[in-house]
Amino acid sequence: MSAGTDKPGVIAPPPLLFAGAVALGFALHHWIAPLGFGLPGGFRLGLAGLLAVAALALAAAAIRLFSRAGTHVEPWKPATALVTGGIYARTRNPMYLAMALLQTAIALGFDSVPVLAMLVPAILVIRYGVIGREERYLAAKFPADYPEYRRRVRRWL
C-alpha cells in the first residue's frame, strides 16, 4: 500500500453519521411525527442513563486499546496495528456499537421514537459505508491476521 492509499476510504466520520441520524430524527419528531414511547418518565430516563453510561464505558475501553496499540482511532487514517484483545475479542466494532447505544439512550432520554427509528438507516450506512470499507482495508493491510480474526469474532455482538 502506498501512503496515499493506506486508509480505508470511509464515506464520513462515524460520529458525524450518527449525529446526522439523531438530528434527522429530532427534525422528524418536531415537524412530522412527535411520537414518544409511552413509558413512565422515571423508567425511561433511568434506562437512557444506563445505556449512555454503557455506551461511554464501551467507547472508552475501545479507545484505550487503540491508544495502547499505538494506532489511530479515526477510521479515515491508516491503521498501524490490528487490535484483537479486550473488548475486540468479543466484537469487531465496539465503537460503532457504543454510538448505536448512545443514539438509543438519546432517543429514550428525549422520548423520541423517530430518533430511535433513524438508528436503522444509521446502522445501514455505517455497515456499508464504513465497516465494509474498513474490512476490505484491514484484510489487505493485515492478510495474515485479519481473516482469522474476522472468522473468530462477530461484527457486532
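When a/c reaches 1.5 or more, the comparison of a/b and b/c decides; with that in mind, is region 1-50 rounded, prolate or oblate per its Cα gyration tensor?
Details: a/c = 6.58, a/b = 2.29, b/c = 2.88.
Here region 1-50 falls in the oblate category.
Per-residue Karplus couplings for region 72-89, computed as 6.51 cos²θ - 1.76 cosθ + 1.60 with θ equal to phi - 60°, are listed in order as 6, 6, 5, x, 9, 10, x, 7, 10, 8, 9, 8, 10, x, x, 4, 6, 7 Hz, Gly and Pro entered as x.
Tell me what the chain gives for mean residue ellipticity at 222 nm when only DSSP H runs of n ≥ 4 count, each as -39,500 (n - 2.57), the sum divided by the residue total, rounded to 500 deg cm²/dmol.
Details: 7 runs with 93 residues, N = 157.
Value at 222 nm, helices only: -19000 deg cm²/dmol.
Across region 119-132, computed HN-Hα scalar couplings (Karplus, 6.51 cos²θ - 1.76 cosθ + 1.60, θ = phi - 60°) run 5, 4, x, 4, 5, 5, 5, 4, 4, 8, x, 10, 4, x Hz from first to last residue, x flagging Gly and Pro. Accessible-area rank, largest first, for Ser112, Ser67: Ser67, Ser112, with all protein chains present and a 1.4 angstrom probe.
Quick one: grab the alpha carbon gyration tensor of region 1-91, order the square roots of its eigenvalues as a ≥ b ≥ c, and give me rounded if a/c is under 1.5, else prolate or oblate depending on whether a/b is larger than b/c.
Details: a/c = 4.39, a/b = 1.68, b/c = 2.62.
Oblate is the answer for region 1-91, as a/c is 1.5 or above yet b/c matches or exceeds a/b.
Among (1) 1.44; (2) 0.92; (3) 1.03, only one was calculated for this model; which label is it, if the read-out is Rg/Rh (Cα atoms, Kirkwood Rh)? Label (3) holds the value from this structure. Around the Cα centre of region 71-157, unit charges on the Cβ atoms of Lys, Arg, Asp and Glu (plus for the first two, minus for the last two) sum to a dipole of about 340 debye. Each principal axis of the Cα cloud of region 68-157 was evaluated for its coordinate range; sorted largest first, these ranges are 46, 24, 24 Å. When a/c is below 1.5 the answer is rounded, else prolate if a/b is larger than b/c, else oblate, so apply that to region 87-131 with a ≥ b ≥ c taken from the square roots of the Cα gyration tensor eigenvalues. Oblate is the answer for region 87-131, as a/c is 1.5 or above yet b/c matches or exceeds a/b.
The values are calculated or read from the model by the stated rules, or taken from the named source; none is laboratory data. Note that the structure is a prediction, hence the values are computed from the model and not measured. Note: ideal-geometry Cβ built from the backbone for every residue, glycine included; neighbour counts use all protein chains shown. Each accessible area value is taken on the protein alone, full model and side chains, heavy atoms only, with ligands, DNA and RNA left out. Shrake-Rupley method; radii C 1.70, N 1.55, O 1.52, S 1.80 Å.
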